[in-house]
1. If you average the sequence gap of Cα pairs under 8 Å that are 6 or more apart and divide by the length of the chain, what percent do you get for the contact order?
2. Under 8 Å for C-alpha pairs, at least 6 residues apart: give me the relative contact order for segment 1-80, rounded to a whole percent.
3. Using the crude model of +1 on Lys and Arg Cβ and -1 on Asp and Glu Cβ, and no other charge, please compute the dipole size for the chain relative to its Cα centre, in debye to 20.
4. Starting from the Cα gyration tensor of the chain, take the square roots of the eigenvalues, sort them a ≥ b ≥ c, and report rounded, prolate or oblate (rounded when a/c is under 1.5, otherwise prolate if a/b is larger than b/c, else oblate).
5. Using each residue's phi in segment 30-40, evaluate 6.51 cos²θ - 1.76 cosθ + 1.60 at θ = phi - 60° and report the 3J(HN,Hα) Karplus result to the nearest Hz, with x for Gly and Pro.
6. What does the extension gain come out to for residue 147 and residue 19, with contour length at 0.36 nm per residue minus their alpha carbon separation?
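Only the coordinates and a few stated rules stand behind these numbers; no lab work does. A quick note: this is a predicted structure, and the numbers were derived from the prediction, not measured. Cβ coordinates were reconstructed from backbone atoms using ideal geometry, including for glycine residues, and neighbour counts include every protein chain displayed.
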Amino acid sequence: MTYYDVFKAGIKSPISQIKKEYLKIVREFHPDRYDDTNDNDLKYKVTSLFAFINKAFHTLSDEKLRAEYDATLLRKVTARKPTEEKKKEEKLKEDEIFKRGFAEFKRGNLINAMDLLRAATQINPQNASYWASLSIVLNKLPRRSKEAEETILRAIDLEPHNAEYYVHLGNIYVGHGLNKRAEEQFEKALKWDPTHKKALKELEKLKEKK
């Protein structure tokens with residue numbers, strides 16, 4: 001699926017059309033709408049989807065980024081690689097490892113989850129959600145907070161538009177009493193999602209302590 005597909009648009013569609021569809025999608029899939037659900041798997045999927053939607057809109061609404069993206073699309077259309085089937089097989093294996101890691105985490109088997117999620121990051125180090133999930137697990141293990149910080153920073157580097165990642169990093173800093181650093185991360189989260197409930201709540205807590 002291309003960024004244009006997300007907004008039911010084409011490569012020549014005006015930004016006004018794309019923005020109209022973006023606002024409609026945001027109202028439907030904003031993560032805050034799913035705060036009351038106990039389905040963590042659904043929450044994760046909605047958060048990842050929302051991050052993808054934000055990235056797609058950010059790219060298409062920036063003239064330079066959109067031109068670069070369009071050029072990339074054209075190259076993909078004109079140069080299909082012969083290793084396509086092999087890549088599909090590798091992707092299936094990668095997804096299976098990640099799903100197993102996530103399942104172990106839900107069961108409370110943190111060491112197994114850590115090993116599986118770490119394996120997923122090694123297979124595909126460009127997948128931000130793998131690094132973010134690994135960071136969540138590491139942060140729940142003793143003496144792993146530094147590595148948890150490093151891994152979520154990898155995720156942020158890959159997907160700087162994902163507000164959830166900044167909130168997670170802020171919570172890591174709060175856990176170590178680094179309130180100034182935490183505050184900066186919550187503010188960054190709000191830059192991408194001004195209505196993010198967790199970021200607003202945590203920021204308010206920190207300001208009350210001052």
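1. The normalised contact order for the chain reaches 12 percent.
2. Once normalised by length, the contact order is 30 percent.
3. Values: 42 positive and 34 negative charges, 19 e Å.
Charge dipole of the chain: 100 debye, to the nearest 20.
4. Numbers: a/c = 1.97, a/b = 1.23, b/c = 1.60.
Here the chain falls in the oblate category.
5. Along segment 30-40, the couplings run 4, x, 4, 5, 10, 4, 7, 7, 9, 7, 5 Hz.
6. 42.3 nm
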